[in-house]
Amino acid sequence: MRFIGRTGTTAFNKGKQYLEEEDHANAYRKFTEAAEYFHHAMAQHYLGTMYQAGLYVEQNYHEAFSWYSKSADQDNIISCASIGALYRTDALDKNYEKALYWLEYAYSVSSSAIASTNLGHMYRYGEGVDIDPAKALEYYKVAVSQDAHNINSVIGDMLRDGENGLAIDYQDAEYWYTKGLAYSDSNCMIGLASLCDTDTLVNFETAFEWYLKAADCGNPKAQYFLGWYYQKGLGVKRNYYTAFTMYQKSAANGYVESYAAIGRMHHLGLISDRPSYLKAIEMYNKSIELDPSNCGAALNGIGLLYQDGLGVYENQDKAMSYFSSAVGIHNNADAYNSMGEVYKFGHGVPIDHHQAKYWFLKSAQAKNDEGQLNLALSYLVDVPSQEVDYETALFWFRKALERGNEKAQAYIDQTIHNMALLLKLSAGNDKDILIENMRRELAILTSKLKRYQTTSRRQEAADDSIINKPNQKEETSYSNSPPTSHSPPKFFHVEDMREINRKKKSDVVCKLRLEAACKNI
């Protein structure tokens with residue numbers, strides 16, 4: 001018996017060696033030898049992991065469960081935890097009661113990374129138990145101590161966001177993100193980038209550097225954020241073509257939100273001289289199809305197309321339906337702004353400035369630059385003269401400018417000018433000093449912003465020739481009836497410059513209304 005045991009261990013060790021060398025065929029052969037002939041518990045467990053992951057063999061959760069069960073019958077605690085982990089997912093018939101039983105048993109015997117990680121998930125998301133973020137953190141910290149280094153970023157995210165009632169603690173979050181850097185965890189790099197854009201700190205340059213490092217590690221989420229930073233000119237010179245390239249890489253690597261971003265660039269004509277609404281709607285629909293639970297940006301984009309009659313028949317009811325889905329299910333910041341504009345301009349509904357301001361505030365608080373701009377305007381226009389609030393408007397205009405919204409610049413200049421006139425009327429050299437300080441601070445912000453922004457597409461193309469310029473001709477299609485709600489729209493020909501003209505008109509109207517409001521004071 002002693003000889004047989006040693007032989008089984010020898011076969012198992014050989015299998016582990018093959019597995020580390022990524023020779024999955026020989027690893028499977030050795031694990032099978034040790035498991036079937038010598039009933040080696042860890043070999044049975046490793047066979048379970050190979051079936052679960054689909055290494056060499058076809059992925060088969062039931063076969064994985066079978067091998068885990070054989071191993072658990074020999075009191076292998078890791079396999080007990082693995083059974084619990086299978087029960088808490090859709091791998092088997094999901095059963096939180098059984099998952100909790102196996103995981104708690106495994107944890108009570110040995111605080112393995114599998115048991116502690118999965119118990120943390122159950123208490124974080126309320127799977128069969130009440131949501132308890134403090135308890136989830138306890139389990140996660142044990143998991144990290146058991147070499148589950150990928151959990152560092154999870155702990156950091158919970159502390160950064162103040163999840164489910166936790167106290168927001170940026171310093172502690174930074175500690176856990178930094179701890180994960182020792183293991184080259186790109187999610188921790190993304191976490192550190194996010195800490196450079198909070199309610200207490202905004203440093204886009206440093207955030208960009210962290211996103212760049214994470215993207216170099218192949219992280220598709222970081223590639224998406226790099227695209228966003230290039231598109232908006234945050235911490236780096238604005239370059240639409242590099243932004244488009246990063247979105248493409250991100251999408252190719254499985255980050256579905258990038259499809260909506262690509263669609264938006266086609267929608268606005270940011271990568272060619274003319275918009276391509278058909279390509280936009282194709283990308284929006286692909287985002288919705290691939291991830292229906294996280295497609296708020298795509299739903300908002302389709303809503304805007306229906307609102308303006310671009311590539312589809314104008315239909316304000318359908319636009320509102322898409323916006324409502326984007327905000328009600330997906331909490332999308334762009335859609336918050338779109339809802340605000342629906343009520344501000346009366347797109348299919350009576351004009352309601354209170355409702356508009358409500359949605360603009362939600363968008364602004366979610367760090368959407370268009371929402372911040374519109375919220376600022378709501379404090380200056382469409383309000384009685386005695387309710388005009390220059391200081392709050394200036395605050396949100398500057399927030400929008402800081403996030404790359406160049407339209408905010410003119411509004412800031414005019415707001416400061418009108419504040420200066422009012423303050424001088426109320427007299428006092430202190431007021432002059434205040435105005436001068438405001439102008440100086442604005443100049444610094446503006447100078448910093450302009451370092452990263454360019455308005456010449458030719459210059460962008462020269463700076464970045466990575467991708468070919470898309471076909472500038474807009475495809476056309478025809479339809480005799482409007483599409484059904486939330487189904488792929490049917491297209492018809494429209495003038496490509498309609499949206500551009502509408503935006504120019506909107507800007508002029510806003511400026512005139514702002515001037516009128518200022519004169520009324």
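For region 232-246, the condition of being closer than 29 Å to residue 313 by Cα, surrounded by fewer than 18 Cβ atoms within 10 Å (Cβ to Cβ) and basic (Lys, Arg) holds for none of the residues. Counting only helices (runs of 4 or more DSSP H) that sit completely within region 150-219, those holding 1 or more residues that are among the aromatic types (Phe, Trp, Tyr), touching a strand residue (DSSP E or B) at 6+ places or on another chain (Cβ under 8 Å) and within 20 Å of residue 257 (Cβ to Cβ) correspond to 204-216. Just the residues that are assigned to a helix (DSSP H, G or I), out of contact with any Gly (no Cβ under 9 Å at 6 or more places or on another chain), surrounded by 15 or more Cβ atoms within 10 Å (Cβ to Cβ) and not charged (D, E, K, R), please, taken from region 119-143. 120, 121, 123, listed by residue number.
Filtered by the rule that a residue be acidic (Asp, Glu) and closer than 12 Å to residue 211 by Cβ, region 183-200 gives a lone residue, 197.
Conditions tested, residue by residue: (1) touching a residue at least 60 places away in the same chain (Cβ under 8 Å); (2) charged (D, E, K, R); (3) in contact with a strand residue (DSSP E or B) (Cβ under 9 Å, 6 or more places away or on another chain); (4) part of a helix (DSSP H, G or I).
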{"site": "334", "(1), (2), (3), (4)": "no, yes, no, yes"}
{"site": "337", "(1), (2), (3), (4)": "no, no, no, yes"}
{"site": "343", "(1), (2), (3), (4)": "no, no, no, yes"}
{"site": "348", "(1), (2), (3), (4)": "no, no, no, no"}
{"site": "351", "(1), (2), (3), (4)": "no, no, no, no"}
{"site": "359", "(1), (2), (3), (4)": "no, no, no, yes"}
{"site": "364", "(1), (2), (3), (4)": "no, no, no, yes"}
{"site": "370", "(1), (2), (3), (4)": "no, yes, no, yes"}
{"site": "377", "(1), (2), (3), (4)": "yes, no, no, yes"}
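Can you tell me which residue is surrounded by the fewest Cβ atoms within 10 Å (Cβ to Cβ) among those in region 42-84 that are part of a helix (DSSP H, G or I) and aromatic (Phe, Trp, Tyr)? That would be 61. Return the residues of region 215-231 that are aromatic (Phe, Trp, Tyr) and either surrounded by 22 or more Cβ atoms within 10 Å (Cβ to Cβ) or at positive phi (or both); say none if nothing qualifies. Result: 224, 225, 229, 230.
So which residues in region 283-306 are of a type outside the set (A, V, I, L, M) and crowded, with 23+ Cβ neighbours inside 10 Å, if there are any at all?
Result: 284, 287, 295, 296, 300, 301, 303, 306.
From the list 106, 113, 173, 167, which residue is more than 22 Å from residue 210 (Cβ to Cβ), buried (at least 20 other Cβ atoms within 10 Å of the Cβ) and of a type in the set (A, V, I, L, M, F, W, C)? 106 is the lone residue from the list that is more than 22 Å from residue 210 (Cβ to Cβ), buried (at least 20 other Cβ atoms within 10 Å of the Cβ) and of a type in the set (A, V, I, L, M, F, W, C).
Residues that are farther than 28 Å from residue 400 by Cβ and touching a Ser or Thr at 6+ places or on another chain (Cβ under 8 Å) do occur in region 186-201.
Looking only at residues in region 180-214 that are of a type in the set (Ser, Thr, Tyr) and either surrounded by fewer than 22 Cβ atoms within 10 Å (Cβ to Cβ) or modelled with pLDDT under 95 (or both), which one is farthest from residue 237 (Cα to Cα)? Here the residue is 183. State which residue is farthest from residue 407 (Cα to Cα) when the search covers only region 350-378 and only residues that are among the hydroxyl-bearing types (Ser, Thr, Tyr) and in contact with a Leu (Cβ under 9 Å, 6 or more places away or on another chain). That would be 363.
Considering region 270-289, the residues that are closer than 17 Å to residue 246 by Cα and assigned to a loop (DSSP other than H, G, I, E, B) include one that is modelled with the highest pLDDT, namely 270. Close contacts from region 62-79, counting a first residue that is over 16 Å from residue 110 (Cα atoms) and a second that is aromatic (Phe, Trp, Tyr), with Cβ to Cβ under 8 Å and a gap of 6+ residues or different chains, come to 63/51; 64/51; 67/51.
For residue 97, indicate whether it is over 23 Å from the mean Cα position of the chain (by Cα), surrounded by 15 or more Cβ atoms within 10 Å (Cβ to Cβ) and in contact (Cβ under 8 Å) with a residue 24 or more places away in the chain. No, not satisfied.
For residue 274, are the conditions met, namely being closer than 23 Å to residue 220 by Cα and among the basic types (Lys, Arg)? No.
Please go through region 144-164 and give me each residue that is within 20 Å of the chain's Cα centre (by Cα) and loosely packed, with under 15 Cβ neighbours inside 10 Å, ordered by number. Correct list: 161, 162.
The values are calculated or read from the model by the stated rules, or taken from the named source; none is laboratory data. Everything numeric here is computed off the predicted structure, so don't read it as measured data. Cβ atoms come from the backbone with ideal geometry, glycine included; neighbour counts cover every protein chain shown.
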